[in-house]
1. What nm value, rounded to one decimal, do you get for the distance between B:Asp213 and B:Ala140 when each label is placed 7 Å out toward the C-beta?
2. Provide the per-residue ³J(HN,Hα) series for region A:74-85, in order, calculated from phi with Karplus coefficients 6.51, -1.76, 1.60 and θ = phi - 60°, each as a whole number of Hz, with x at glycine and proline positions.
3. With a 10 Å Cβ neighbour count serving as the proxy for reagent exposure, in which order, fewest first, do B:Tyr100, A:Tyr30 appear?
4. Could you rank the peptides A:11-22, A:51-62 by their average count of other C-beta atoms within 10 Å per residue, with the highest value first?
5. Using 7 Å Cα-to-Cβ label points, what is the A:Ser160/B:Thr98 separation (nm, one decimal)?
6. Quick one: if the Förster radius is 25 Å, what FRET efficiency do A:Arg121 and B:Ile16 give, using the C-beta to C-beta distance and rounding to 0.05?
7. What is the average number of partner chain Cβ atoms found within 10 Å of a Cβ in A:135-147?
8. Run the dipole for region B:121-185 about the Cα centre, Lys and Arg Cβ at +1, Asp and Glu Cβ at -1, nothing else charged, and hand back the magnitude in debye, nearest 20.
Amino acid sequence: MSEQFILEKARQGEREALGRLYEHYVDAVYRYMFYRTGHHETAEDLTAEVFASVITSIKSYEDLGVPFEAWLFRIAHARLVDHWRKSKHREQQEVELSQEAEEFFISDAPEDQFRHEEVLRAMEYLTSTEREVVVLRFAAGLDNQEIAQTLQRSSNAVKSMLHRALEKLRRVLAHRSAFDKSEAGNEKR
Amino acid sequence: MKNANQTYPRDLENTIAQLELLRYGTLSPEARQRIWGKAMDRAAAVSQPRAQRAPLLRSIFNFKAFTLQSFAAVIAFVLVFGAAGISLATPSILPGSTLYPAKRSLESTWLALAPEAQKPEIQLRILDQRIREMDQLLEAQRPVPEELIQDLETFYTSVAQTPETWDEPETLQHLAQQLTVLQSLEDERPGIEVSLTGIFLASAAAYDSLGGDVAALHLDNAFLTPTPTATSTPTSTPTATATATLIPTPTPLPTPTPRPAPTAVFLPTLPPSSFLPEGATPLPESEVPVDPEHPVHPEHPEHPEHPEQAQNDKEKDDKDKDKDKDK
């Protein structure tokens, strides 16, 4: 069953089609919310709000050059901004790895856990916009074009922001690796 | 969810591979069910006709309850995590904002009340905030206040002056990250109006004073590349002036401890002999080369640039003496 067909059914209010869309996108939306808010429960609540908005407004959705995924993440982005504005919470720099979140994300390999935590720490050095682009790209899995449609920016602007963010992360991570190696070397001595 | 494949430069491959970890994991069936349930409830509440929604009075009551809960939560948050929580959770309050002085004040309180052992770590985290603020100002193309730059320079200078009070591995790691980020700020915005050189050199001096090797960070910064003349050419007199001009606003640094390979850029106030390699002796006075632009005449040091003028003065003096004798 194509996504176009499911979308059409969802627009007609078919609950099963809505459920399929939800199943398909819920992980991506949750990951986006988690890495942007840094809090498991908040991410869960905001994910529910996003899908509530989808359920109530999908009738008005038309693919006029904006694919469903970009439309969905536009809603997610708007909910997030709304959350910060309403709750007077400012954006968190740090991501809390609570027990539930760890169970959600991490494979059993300790090396992956270490690298995951390492990349989260490195992301604290990104600006809000850079983090938004990185999270949309890597946690939510959008491509540059979809990110551009989500944030209503040009593709070139997104590309350059992403490159800048990656370069910054590369520097931070590269240095951390070097430092850890030198520490390990000292311990051996 | 499709896989958004895209090509990236080779040197970013490792970073990309690490970022791919962000896409790991799926929600448990229970969590999916829970979120779906909440979404349906909220959608149903929104779809209700206005008349069926909660009465106004109840809404106000809920609002009050929410406000009280929020207030209590904030108090608890402050008590548990200290002012740092508020300060670090408010990265978007930037210099120029009306809330900014309050933010800084909270940071100071937090620092003042913290146990001595935690102060270095807290100061480093506060410094992270300053760097983020600078980054955000630059990104928004807003001017970076001089005070912000001064704050950073002062802090790094204080680290360089009192290296013994800093927990070395932690501070080194933190400083290295900050240096890296500062470098990337400059790389990303070539030609930015604010000069990061002073901060850069001060932070590098701090890193150096703790025994870190700045060269090992491979930051590609012209100001951090040691000049060979400064360390290996004892007969080259311009080394001292050349080094001093690298720092636009020299800050007094402590007397440097001798190192096998000193990085001259961090030592702006050293006398020229400090750049001599171990065992080398400075040139005797008489062998000091004459500056071609300001030659000192051996017989007329008071007229270094115009020996002929000095000669004229001497002749005039002699004539005056002769006149006196005639009288």
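Please treat every number below as a calculation from the coordinates, not as lab data. Everything numeric in this text was worked out from a predicted model, so none of it was measured. Cβ sites come from the backbone with ideal geometry, for glycine too, and all protein chains shown count toward neighbours.
1. Computed distance between label sites B:Asp213 and B:Ala140 equals 4.1 nm.
2. 5, 4, 4, 4, 5, 5, 5, 4, 4, 4, 5, 5
3. Values: B:Tyr100 15, A:Tyr30 27.
Least to most surrounded, the residues fall as B:Tyr100, A:Tyr30.
4. Values: A:11-22: 15.1, A:51-62: 17.0.
The packing order, highest mean first, is A:51-62, A:11-22.
5. 3.5
6. Details: r = 17 Å, r/R0 = 0.69.
Here the calculated transfer efficiency is 0.90.
7. Values: counts 2, 1, 6, 8, 6, 4, 7, 3, 5, 2, 1, 2, 1.
Other-chain Cβ atoms within 10 Å of each residue's Cβ, averaged: 4.
8. Values: 4 positive and 13 negative charges, 46 e Å.
It comes to approximately 220 debye.
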